[in-house]
Amino acid sequence: MTPRMREAFRFVTIGLAFGAIWAIMQYANGQIRDVSAMLGPFIVCGFAGLLMWGFRRLVVYLRNR
């Protein structure tokens with residue numbers, strides 16, 4: 001795996017982990033009643049991790065120009 005792919009994998013994994021914790025906390029607090037509804041925060045945070053990686057790559061590109 002290339003270093004960029006490892007970096008992207010790390011950002012997405014952190015986002016998914018945050019999403020899982022957030023969904024579990026919402027389920028425990030009773031804000032989510034359906035287990036299938038837990039996928040929403042999980043997927044949104046994973047996608048946010050991917051976006052953050054993209055923003056990071058853009059900043060590195062602009063800084064090195």
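What follows draws every value from the coordinates through simple rules; no lab data is involved. Just so it is clear, the model here is predicted, and its values are computed rather than measured. For neighbour counting, all protein chains shown are included, and Cβ atoms are generated from backbone atoms with ideal geometry for every residue, glycine included.
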Quick check: residue separation of Asn29 and Met5 times 0.36 nm, minus the Cα distance between them. What number comes out in nm?
5.1 nm
Collect residues whose amide H, placed 1.01 Å from N in the peptide plane, falls under 5 Å from the amide H of Ile32; neighbours closer than 5 in sequence don't count.
Tyr27
Cα long-axis angle, helix 3-29 against the chain (0 to 90 degrees, to the nearest 10)
20
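So what's the back-of-envelope 222 nm ellipticity for the chain, counting only DSSP H runs of four-plus at -39500 (n - 2.57) apiece and dividing by all residues, rounded to 500? Can you show the working numbers first?
Numbers: 2 runs with 53 residues, N = 65.
Estimated from H runs of four or more residues: -29000 deg cm²/dmol.
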Degrees separating the helix 39-64 axis from the principal Cα axis of the chain, which is the longest one:
20
Let me spell out the model: positive unit charges on the Cβ of Lys and Arg, negative unit charges on the Cβ of Asp and Glu, origin at the Cα centre of the chain. What dipole size does that give, in debye rounded to 20?
460
May I ask you to derive the FRET efficiency for Phe18 and Val60 from their Cβ-Cβ distance with R0 = 25 Å, giving the value to the nearest 0.05?
0.65
